[in-house]
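S.K.: Pasting a structure below so you can have a look.
The values are calculated or read from the model by the stated rules, or taken from the named source; none is laboratory data. A quick note: this is a predicted structure, and the numbers were derived from the prediction, not measured. Here the Cβ is made from the backbone with ideal geometry for all residues, glycine too, and neighbour counts use every protein chain on show. When the accessible area is computed, the model is the full protein with side chains, heavy atoms only, and any ligands, DNA or RNA have been set aside. Shrake-Rupley method; radii C 1.70, N 1.55, O 1.52, S 1.80 Å.
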Amino acid sequence: MELLFNPFDNLVCILLGISFTVWFTLLLVFIIVPAILGVSFGIRRLYMKSLLKIFEWATLRIERGAKEKNHQLYKPYSNAIIAKEPTSLEEEIKEIRRSASNRDLDSAPEFEMSDIFYFARRGVASIMDDEVTKRFSAEELESWNLLTRSNYNFQYISLRLTVLWGLGLLIRYGFLLPLRVTLAFTGVGLLVFLTSIIGLLPNGRMKNLLSEKVHLMCYRICVRALTAIITYHDSENKPKNGGICVANHTSPIDVIILASDGCYAMVGQIHGGLMGVIQRAMVKACPHIWFERSEVKDRHLVAKRLSDHVQDKSKLPILIFPEGTCINNTSVMMFKKGSFEIGTTVYPVAIKYDPRFGDAFWNSSKFGMVNYLLRMMSSWAIVCSVWYLPPMSREEDEDAVQFANRVKSAIARQGGLVDLLWDGGLKREKVKDTFKEEQQKLYSKMLVGTQEDRSRS
């Protein structure tokens, strides 16, 4: 019996060996070597154009089928549910009093029960047209990209469309996902191994050069693990040593997107597990800035270490995301002022993802890191544009908050994003009492002002 099975076993081993050799050769020739050399064969952009044509055909087919079956295709959606002219608290309350009473407003008491309706109306309007919480959910698509997770507006239309979706599912999970996981492990493994080796070298120019080459190579392999198609604009404004690069934050992969085009010193908290292994290896080859958990809340210590880093012009520019949390690719929220107090040149960068190929936003309250990365690797691709804006410096009559807002506005304007003043920390925290107290002060000031005017007359 053993003799009968030996030829079959040998054949299986030969086929597995051939498959592994072909697989590794394709990886080496078309992905790893181009990543090392920093070149591209244009395969990913051809793939993107092909996907766009398929999406266009699918959308037209869906719209035609929905029209034939008299189905509502798109959900009513608006970014501005309540549209009204901006008015002051005093003007709105006077209008409410005028409509609620026929008496002379000047003879009215300091407080009227109808004033309550102003605050009730503002509360309901804030709930209906919430500018904050909708920035922490996936961006709505106008057309289906053949991903089940984005198919909120469509129903069964035709057999051909269903077969196309099934074929796409097979390609994404049967071919692209294994390929991307292999590339991710390759990129991370090389990063840990090579940076550990470089860390043994004495500090000097050669060590810095090798560290930059290794970091670029490994990040480019990781970019290919996401089939990321990135368009960089205005590269003459790329961050330089001794400066701070600030960017809007949509996803953890923002770091890979930027680091595949230039080297940066990372800032972050020290982690355990695999992330800790990567951090310890990276810091041996490059002066990244890692903080212990107990040090993160010490603003003076953080500022001092950042300041010491930027004063050394031989060190890489620091990469910081001042929002402090991920926003859903539609807007930019409040920048924390810490990185703008240091007094060095700031290099703003705007990042905008194309949601048609895959949603890059990380909703950390809904998905863990592993789940999120699997969703990214099972998407069609990650397509984004990166704009390097001209360097900006703090002006003489400008404080850190004003400087942060000016940089944020420039990033929002370039990336086509909504510029919001709200703190991204509201993703996990309640509204601060100071916001409520501000409205109370405005109302009491209006009442006191009315009383003073009456006493003068």
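S.K.: Given the conditions (1) hydroxyl-bearing (Ser, Thr, Tyr); (2) over 26 Å from residue 45 (Cα atoms); (3) assigned to a loop (DSSP other than H, G, I, E, B), and given that residue 195 satisfies all but one, which numbered condition is not satisfied?
M.R.: (3)
S.K.: Now a separate question. Pick from the stretch 202-222 the residues that are over 17 Å from residue 288 (Cα atoms) and of a type in the set (A, V, I, L, M, F, W, C): which of them is least open to solvent (accessible area, probe 1.4 Å)?
M.R.: Selected residue: 221.
S.K.: Take residue 345 and decide whether it is of a type in the set (S, T, N, Q) and open to solvent by 40 Å² or more (accessible area, probe 1.4 Å).
M.R.: So residue 345 passes the test.
S.K.: Give the residue that is farthest from residue 183 (Cα to Cα), with candidates limited to residues of the stretch 365-384 that are of a type in the set (S, T, N, Q) and either open to solvent by less than 10 Å² (accessible area, probe 1.4 Å) or in contact with a Ser or Thr (Cβ under 8 Å, 6 or more places away or on another chain) (or both).
M.R.: 379
S.K.: What single numbered condition from (1) open to solvent by less than 40 Å² (accessible area, probe 1.4 Å); (2) in a strand (DSSP E or B) fails to hold for residue 232?
M.R.: (1)
S.K.: Could you go through the stretch 79-92 and let me know if any residue there is more than 28 Å from residue 420 (Cα to Cα), of a type outside the set (S, T, N, Q), modelled with pLDDT under 75 and not in a helix (DSSP H, G or I).
M.R.: no
S.K.: Exactly one condition in (1) without any contact (Cβ under 8 Å) to a residue 12 or more places away in the chain; (2) closer than 30 Å to residue 203 by Cα; (3) basic (Lys, Arg) is false for residue 366; which is it?
M.R.: (2)
S.K.: All but one of (1) under 21 Å from residue 36 (Cα atoms); (2) free of Cβ contacts under 8 Å to residues at least 24 places away in the same chain; (3) not acidic (Asp, Glu) hold for residue 202; which doesn't?
M.R.: Going through (1) under 21 Å from residue 36 (Cα atoms); (2) free of Cβ contacts under 8 Å to residues at least 24 places away in the same chain; (3) not acidic (Asp, Glu) one by one, residue 202 breaks only (1).
S.K.: Applying the selection to the stretch 41-54, what residues are over 25 Å from the mean Cα position of the chain (by Cα), closer than 16 Å to residue 228 by Cβ and either in contact (Cβ under 8 Å) with a residue 12 or more places away in the chain or surrounded by 13 or more Cβ atoms within 10 Å (Cβ to Cβ) (or both)?
M.R.: Within the stretch 41-54, 43 is the sole residue that qualifies.
S.K.: Right, here's the next one. Does the stretch 390-397 include one or more residues that are within 17 Å of the chain's Cα centre (by Cα) and surrounded by 15 or more Cβ atoms within 10 Å (Cβ to Cβ)?
M.R.: no
S.K.: Identify the single condition in (1) part of a loop (DSSP other than H, G, I, E, B); (2) within 24 Å of the chain's Cα centre (by Cα) that residue 268 does not satisfy, given that it satisfies every other one.
M.R.: Among (1) part of a loop (DSSP other than H, G, I, E, B); (2) within 24 Å of the chain's Cα centre (by Cα), residue 268 violates only (1).
S.K.: Can you pull out the residues in the stretch 250-266 that are over 15 Å from residue 369 (Cβ atoms), in contact with a Phe, Trp or Tyr (Cβ under 8 Å, 6 or more places away or on another chain) and open to solvent by 20 Å² or more (accessible area, probe 1.4 Å)?
M.R.: 261
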